[in-house]
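Read the structure below first, then the notes.
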Amino acid sequence: MTQIERIRKSRAVKIVSAGRKFTVCRPTDLEMLELNRVGPISQGDILHKFVIGWEGFTEADLFPGGTGEPVPFEKGIFAEWIADHPEHWNDISTAVVDAYKSHKEKQEATAKNSVPGSTA
């Protein structure tokens, strides 16, 4: 595994929404800065940009008459599927935002603890 892959993997978070398993990527500080600069982040932006995987999906999960054949994650397929599945929107969006909040809290704690003379 390359260092870039390790960095990206460290930002990945697995979640379950209504029995479905997804992998989301915690936004970077730069991504959050850019997203906030253009206005409030839409749920669609979060869903399309930060979902990076799923587990256990078959053709039958995606469309009527589909087979039990597993379907690997692809952003385009996910975008088509998720548009008709609002039951997952809030869970996924909340997981992405919570992952970022947790990241920021860890950064702030690390910064506080690295200040000479500070007590934690």
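Observations on the model:
- When segment 1-30 is filtered for residues that are of a type in the set (A, V, I, L, M), surrounded by 13 or more Cβ atoms within 10 Å (Cβ to Cβ) and either at positive phi or touching a helix residue (DSSP H, G or I) at 6+ places or on another chain (Cβ under 7 Å) (or both), the ones remaining, listed by number, are 13, 15, 24.
- First in segment 52-73 and under 15 Å from residue 84 (Cβ atoms), second anywhere and exposed (fewer than 14 other Cβ atoms within 10 Å of the Cβ) and among the aliphatic types (A, V, I, L, M), Cβ under 6 Å, 6 or more apart: 66/60
- Of the residues 33, 47, the single one that is loosely packed, with under 11 Cβ neighbours inside 10 Å and in a helix (DSSP H, G or I) is 33.
- Positions within segment 74-93 being assigned to a loop (DSSP other than H, G, I, E, B) and either of a type in the set (A, V, I, L, M, F, W, C) or touching a strand residue (DSSP E or B) at 6+ places or on another chain (Cβ under 6 Å) (or both), in sequence order: 83
- Some residue of segment 99-110 being among the hydrophobic types (A, V, I, L, M, F, W, C) and in contact (Cβ under 8 Å) with a residue 24 or more places away in the chain: yes
- Test: residue in segment 55-73 that is over 20 Å from residue 104 (Cβ atoms), part of a helix (DSSP H, G or I) and touching a helix residue (DSSP H, G or I) at 6+ places or on another chain (Cβ under 9 Å): yes
- Here residue 39 meets the list (1) surrounded by fewer than 16 Cβ atoms within 10 Å (Cβ to Cβ); (2) in contact (Cβ under 8 Å) with a residue 12 or more places away in the chain; (3) outside any helix (DSSP H, G or I) almost entirely, failing just condition (2).
- Exclusive hit being at pLDDT 95 or above, at positive phi and small (Gly, Ala, Ser), set 76, 117, 66, 56: 56
- Residue 45 vs. criteria among the acidic types (Asp, Glu) and touching a Leu at 6+ places or on another chain (Cβ under 8 Å): yes
The values are calculated or read from the model by the stated rules, or taken from the named source; none is laboratory data. Small disclaimer: the values here were computed from a predicted structure and weren't measured. FYI the Cβ positions are ideal-geometry reconstructions off the backbone, even for glycines, and counts take in every protein chain you see.
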